Amino acid sequence: RVKGKEPKALGDKTPRYTHGLPSLSALFPKARFVNIVRHPYDVAVSMLHHAFRFGHEDALTLGTETHHTMVGNSSSAWFHAQTYVTEFRKAHAGRLLQIRYEDLQANGPEVMGKVFRFLSVDDKAATVEAALAESTFEKLSGRKAGEENPRSFFRKGVVGDWKGRLDDEALRIIDERCGNLMKREGFERASATAES
């Protein structure tokens, strides 16, 4: 917000909003929504580390019941969130923009420029770069991307960290629950690689 000026746009970031999109749309009929979708394998690894930080010591141990239960919970949550988003997009054309986390990481300026234009806010290069600079992993964590702290909410900051952190059963669970939606969003499936 610029001193002495009313804000042009207000925003809020709450992942669970995917579950209440129709209600939010009714309450705020001029609102626009941005959904960032991430590969469900990396989402599962993130959830496993959250569980580990909250005392489930065996969440990160491959082959354990806790590992598979948490992966199942994560894949179900991802599937339901994406299903709600898909339904909302069909019913409310032009009100929701979906971007992939991986694309944001690979080409932040282009993707965020698209987001800013969708929201009808300033998309000048300097504005986009300033926003990206304020939200880097290094700025948020005090570490460079790839430097891991398993006890931190901002753990590692990389794409594709699932490799070697999920066992075959965990990958099977995710592919079984999320496979069709993964394919539609262009995400690689481990089972598809194994079958080819």
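Give the accessible surface of the chain per residue, rounded to a whole number of Å², with probe radius 1.4 Å and ligands, DNA and RNA excluded. Before the final figure, lay out the partial values.
On the way: 12100 Å² over 196 residues.
Each residue of the chain exposes 62 Å² on average to a 1.4 Å probe.
Per the Kirkwood treatment, what hydrodynamic radius in Å, one decimal, follows for the range 22-86 from the mean inverse distance over all distinct Cα pairs? Let's see the in-between values first.
Working: mean 1/r = 0.0744 Å⁻¹.
13.4 Å is the Kirkwood radius here.
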- Note on the structure: Note: the range 123-193, point scatterers on Cα, Debye, no solvent; log10 I/I(0) at q = 0.11, 0.12, 0.17, 0.18 Å⁻¹ equals -0.46, -0.53, -0.83, -0.86
- Message: Please enumerate, by chain and number, the lysines with C-alpha under 17 Å from the C-alpha of Lys144, excluding those fewer than 8 residues away in the same chain.
- Response: Lys156
- Message: Rg over Rh of the chain, using C-alpha atoms and the Kirkwood radius, what does it come to?
- Response: 0.99
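Using the Cβ atoms and a cut-off under 13 Å, what net charge is assigned to the surroundings of Ile173, where Lys and Arg are +1 and Asp and Glu are -1?
Numbers: positive: Arg172, Arg177, Arg189; negative: Glu65, Asp167, Asp168, Glu169, Asp175, Glu176.
Summing Lys/Arg as +1 and Asp/Glu as -1 gives -3.
Of the listed pairs Lys8/Lys114; Lys5/Lys124; Lys30/Lys114; Lys13/Lys139; Lys13/Lys163, which have alpha-carbon separations greater than 21 Å here? Could the numbers behind the result be given before it?
Working: Lys8/Lys114 18 Å; Lys5/Lys124 19 Å; Lys30/Lys114 19 Å; Lys13/Lys139 18 Å; Lys13/Lys163 28 Å.
Distance filter (> 21 Å) returns Lys13/Lys163.
Beyond 17 Å, what percent of the Cα pairs of the range 93-143 remain?
Values: 497 of 1275 pairs.
Everything past 17 Å amounts to 39 percent.
Given a 1.4 Å probe and every protein chain left where it sits, what share in percent of the accessible area of the chain is carbon and sulfur?
Values: 6610 of 12100 Å².
C and S fraction of accessible area: 55 percent.
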- Could you give the semi-axes, largest first, of the ellipsoid that matches the range 37-145, computed as the square roots of 5 times the alpha carbon gyration tensor eigenvalues and rounded to whole Å? 31, 21, 9
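The values are calculated or read from the model by the stated rules, or taken from the named source; none is laboratory data. Bear in mind the structure is a predicted one, so any value in this text is a computation, not a measurement. Here Cβ is always computed from backbone atoms with ideal geometry, including for glycine, and neighbour counts include all displayed protein chains. Note: areas computed on protein heavy atoms with side chains; ligands, DNA, RNA excluded. Shrake-Rupley method; radii C 1.70, N 1.55, O 1.52, S 1.80 Å.
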